[in-house]
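Written out below as structure tokens is the structure these notes cover.
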Amino acid sequence: IDVAAQAQVEADRIRKQAEAEVNRLEQALGQIAETRRTALGLVLNLGSDYLRFEFDKAELRPEDRELLSRIAGILMTAQGYSISVNGHTDDVGTEEYNQKLSERRAEAVRAYLVGAGLSPEILSVTGHGKSRPLVPGTSDAARARNRRVELGIANMRIRPARPETQKTPSPPGP
């Protein structure tokens, strides 16, 4: 069997294994939070049904910590993932203020997950302010749903390698 065919067989095996792992995670996480699959991996929406950020606050309540502990427990069983922690706010307040508040919310979740045992190296934080509302509207209910944190869980083994991370040196020029 030639090297290219062998590499293809190995790539298929890794992809199937990674797919099975994503399915397992989706099922486990879907039992405790709103989970959806995207092209990049899984997204957990920790909106007002899960994490309840009060207006203008970034503090986690005891119930929030319990939920995050359960999520951390599931994520600790997975290998080869990166997790983006994305903070969001409602539409009240300035862009600049909401940007900082969304970052504080995401950082509160990240800090808790690290404290629960996840490696800080796999967690990144992004604040989106009020730029990505989950639902339209200015009602109290809509605003509560938009005050949220989403976790993006990407399997690093099935992402295509970026050219700058490939280890193959280019052949010397003429």
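The values are calculated or read from the model by the stated rules, or taken from the named source; none is laboratory data. Keep in mind that what you see is a predicted model, and the values were worked out from it rather than measured. FYI the Cβ positions are ideal-geometry reconstructions off the backbone, even for glycines, and counts take in every protein chain you see. Side chains are part of the model used for accessible areas, which takes the heavy atoms of the whole protein and leaves out ligands, DNA and RNA. Shrake-Rupley method; radii C 1.70, N 1.55, O 1.52, S 1.80 Å.
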Hey, among the residues in the range 14-61 that are touching a helix residue (DSSP H, G or I) at 6+ places or on another chain (Cβ under 9 Å), free of Cβ contacts under 8 Å to residues at least 60 places away in the same chain and part of a strand (DSSP E or B), which one's nearest to Ala72 (Cα to Cα)? Thr35
Condition first: open to solvent by less than 10 Å² (accessible area, probe 1.4 Å), within 14 Å of Glu150 (Cβ to Cβ) and part of a helix (DSSP H, G or I). Now tell me which residues in the range 99-136 satisfy that. Ser102, Arg105, Ala106, Val109, Leu113
Quick check on my filter: what residues within the range 75-98 are surrounded by fewer than 18 Cβ atoms within 10 Å (Cβ to Cβ) and in a helix (DSSP H, G or I)? Glu95, Glu96, Tyr97
What is the one condition in (1) touching a helix residue (DSSP H, G or I) at 6+ places or on another chain (Cβ under 7 Å); (2) under 19 Å from Asn155 (Cβ atoms) that Ser84 does not satisfy? (1)
May I ask you to list the residues in the range 39-68 that are of a type in the set (S, T, N, Q) and either open to solvent by 60 Å² or more (accessible area, probe 1.4 Å) or in contact with a strand residue (DSSP E or B) (Cβ under 6 Å, 6 or more places away or on another chain) (or both)? Asn45
